[in-house]
Number of protein chains: 2
Amino acid sequence: MSKTDRRIIRTKNEIKQAFFSLLSEKNFEAITVRDITERANINRGTFYLHYVDKYNLLEQYENEIFEKFNVILDETTNLELDVNQFLDERLPVMIRILHVFYEEADFLKLILSPNGDPFFHEKMRQFFVRYFNTFLVNRIDKSKWRFPIELILAYNSNAILGVITYWLQRDTQQSPEEIATMLMETMLKGTFEASGLRSIIEKDSE
Amino acid sequence: MSKTDRRIIRTKNEIKQAFFSLLSEKNFEAITVRDITERANINRGTFYLHYVDKYNLLEQYENEIFEKFNVILDETTNLELDVNQFLDERLPVMIRILHVFYEEADFLKLILSPNGDPFFHEKMRQFFVRYFNTFLVNRIDKSKWRFPIELILAYNSNAILGVITYWLQRDTQQSPEEIATMLMETMLKGTFEASGLRSIIEKDSE
DNA sequence: TCAGATAATGTACATCGTGTTGATTATTTC
DNA sequence: GAAATAATCAACACGATGTACATTATCTGA
């Protein structure tokens, strides 16, 4: 019904530009509302007409993006597929997830860096824990795992998010599909076999 | 020659106690010098006699601990051992590293959490990249890897640091040896084989 | 034990960012 | 073109910072 006032759209855009530009230069915590409004060429008071504080500003972008990830999990969680076909079943989901990272790379690159928000990083990691739970943990007998399942989840969720973060920092030199394949194979087969170096560790592995 | 004045030792101890206690309650960035000195029951001015600011305080603890890790790498880097015996060669090093985490758990638990210092986290991750480089990358022909080596390093360094961070958050319920074994095996063989679940993915893996 | 050294305190100050206010101006919508 | 409302401007109280200086308390070493 009511269209948003053009002035609001313009102001919010200026703020966004300024905020992102500052985030690429320094720590989120080191950025002040003053910094943002000066760079955006708006009055400081105007900022407070739209956001409670800088944390609220950050939160709005984060929620916006996090929604996209949750949609993917919700849509793919209850598919009853063959338990044995991990690659066939889960690779497409991973690819969809990586496409979101790719689309939102500008923001995610900044916010997942050390200059960004550690809590968003943690939230993202928890997302991958959920990802594993839906297709792995809930389907396999707990007693079958040799190591505590929490450690296995920590291992894999951090590995995945770490590769993605690195990929973003290097401005997505590979395609989402390449990254997804690398992730799934390394996860399933381990660093060496996935890289075709199995023979090197033969002596250790039997 | 000159012994440190007892007053200095006492004051620095009070500051340390207060600082750690605050870190377990809130974000490092949210902690003020006021907070610290009030909890430590010292004059605010006294703080500035010993530290430039709160960042300098943090830095001193970080460097102190980081030194311990570097010593391990320096001592174990140039050992010329059988390239094929990865487990036998590297497991003991990993165990030594994990013992440092274990000894310094109080601090590292806090500083590696989302409330802590993302830059220390990154520095720690780079340490594991170095760890891999010394015993893996430099010895194996680059062309043999199926995936970009940087991605493989990102994968493994984040996985390891992630497990350790989780382990610390849960107050080191396992021994350093158990964690080291879990890490090395998962790394070499992948999540499934390391956990004795190889059969589950047979259909995918050949 | 005592004198000299120095660490810690207390007080004050200028600076900066925050978040809020009320009055005024500029722009948009219908 | 009138009413609505977004943006501006100036001012304010508050709290944290980092520094300075005079004073007090404590430690060290002979």
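Read-outs: derived from the displayed coordinates by stated rules, not from any lab. What you see is a predicted model, and the numbers here were worked out from it, not measured in a lab. Backbone-built Cβ (ideal geometry, glycine too); neighbour counts: all protein chains shown.
Using the 10 angstrom Cβ neighbour count as an exposure proxy, how do A:Arg146, B:Arg6 rank, fewest first? Don't jump to the answer; show the numbers that get you there.
Details: A:Arg146 14, B:Arg6 8.
Placing the least packed residue first, the sequence is B:Arg6, A:Arg146.
Could you compute the FRET efficiency for A:Gln173 and A:Ser143, with r as their C-beta to C-beta distance and R0 at 45 Å, rounded to 0.05?
The value I calculate is 0.60.
How big is the protein assembly as shown by the Kirkwood estimate over distinct Cα pairs, in Å?
About 23.6 Å for the protein assembly as shown.
For the range A:8-83, what does the relative contact order come out to in percent, with C-alpha contacts under 8 Å and a separation of six or more? Provide the component values of the computation, followed by the final result.
Numbers: 29 pairs, mean separation 17.9, N = 76.
It comes to 24 percent, rounded to a whole number.
Report, in degrees rounded to the nearest 10, the 0 to 90 angle that the Cα long axis of helix A:6-23 makes with the longest principal axis of chain A.
The two axes meet at around 60 degrees.
Please rank A:Glu62, B:Glu64, fewest neighbouring Cβ atoms within 10 Å first, as an exposure proxy.
Placing the least packed residue first, the sequence is B:Glu64, A:Glu62.
For chain A, take the longest principal axis of its alpha carbons; what is the angle in degrees between that and the long axis of helix A:86-103, to the nearest 10 within 0 to 90?
Approximately 20 degrees, to the nearest 10.
How far, in nm to one decimal, is B:Asp106 from itself in the other copies if the label point is set 7 angstrom along Cα toward Cβ? Shortest first, please.
For B:Asp106, the inter-copy label distances come out at 4.8 nm.
Which whole-number percentage describes the relative contact order of chain B, with Cα contacts under 8 Å and a sequence gap of 6 or more?
Relative contact order for chain B comes out at 19 percent.
Diagonalise the Cα gyration tensor of the range B:55-201 and give the resulting equivalent ellipsoid semi-axes, square root of 5 times each eigenvalue, largest first, whole Å.
26, 19, 15
Can you give me the C-alpha center-to-center distance between the range A:102-151 and the range B:87-105, rounded to a whole angstrom?
25 Å
Roughly how compact is the range A:3-50, stated as its Cα Rg over 2.2 N^0.38 Å to two decimals?
Details: Rg = 10.9 Å, N = 48, 2.2 N^0.38 = 9.6 Å.
It is 1.13.
Specify the angular offset, from 0 to 90 degrees and rounded to the nearest 10, of the alpha carbon long axis of helix B:118-132 from the longest principal axis of the alpha carbons in chain B.
Taking the Cα atoms of chain B, the angle to B:118-132 is about 40 degrees.
So, with +1 on the Cβ of K and R and -1 on the Cβ of D and E, and no other charges, what is the size of the charge dipole of chain B about its Cα centre, to the nearest 20 debye?
640 debye
Would you mind listing the distances between the B:Lys142 label point and the same position in each other copy? Use 7 Å along Cα-to-C-beta, nm, one decimal, shortest first.
Nearest to farthest, the other copies are at 4.7 nm.
How big is the range A:1-133 on each of its three principal axes, counting only the C-alpha atoms and giving the largest first in Å?
59, 41, 21
Return B:Glu185, A:Glu89 ranked ascending by Cβ neighbour count within 10 Å, so the fewest neighbours appear first.
A:Glu89, B:Glu185
Taking the label point 7 Å from Cα in the Cβ direction, how far apart in nm is A:Glu178 from each other copy of itself, listed shortest first?
The projected label point of A:Glu178 is separated from its counterparts by 4.1 nm.
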